[in-house]
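The values are calculated or read from the model by the stated rules, or taken from the named source; none is laboratory data. The structure displayed is predicted, hence computed values, not measured ones. Please note: Cβ atoms are built from the backbone with ideal geometry, for glycine as well, and neighbour counts cover all protein chains shown.
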C-alpha cells in the first residue's frame, strides 16, 4: 500500500511547492525555537545572502493533517 503522506511530500517537492537544498549549502545552525514537532533552526545559505529557518521534525512525530496544514501555510 502506498504511503499517502510520503507521496504528498514527494509531489509537493516535484511541483515546486517545497524546495530541496543540499544540506552542505547551510551554515552552522542556531536554534531559534522548540515546539511540539521539533526544533526550528536558523541557517545562512553559503552561496547567497539568504537566511532560512528550517523545522527539524522529531523522529517519533508522524506527518498528520495538522502538520501538513502547517507545511501548506509556509
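Total residues in region 1-31 satisfying the condition of being exposed (fewer than 11 other Cβ atoms within 10 Å of the Cβ) and either closer than 16 Å to residue 57 by Cβ or within 14 Å of the chain's Cα centre (by Cα) (or both): the figure is 8. No other residue among 66, 58, 25 is touching a strand residue (DSSP E or B) at 6+ places or on another chain (Cβ under 6 Å) and modelled with pLDDT under 75 apart from 58.
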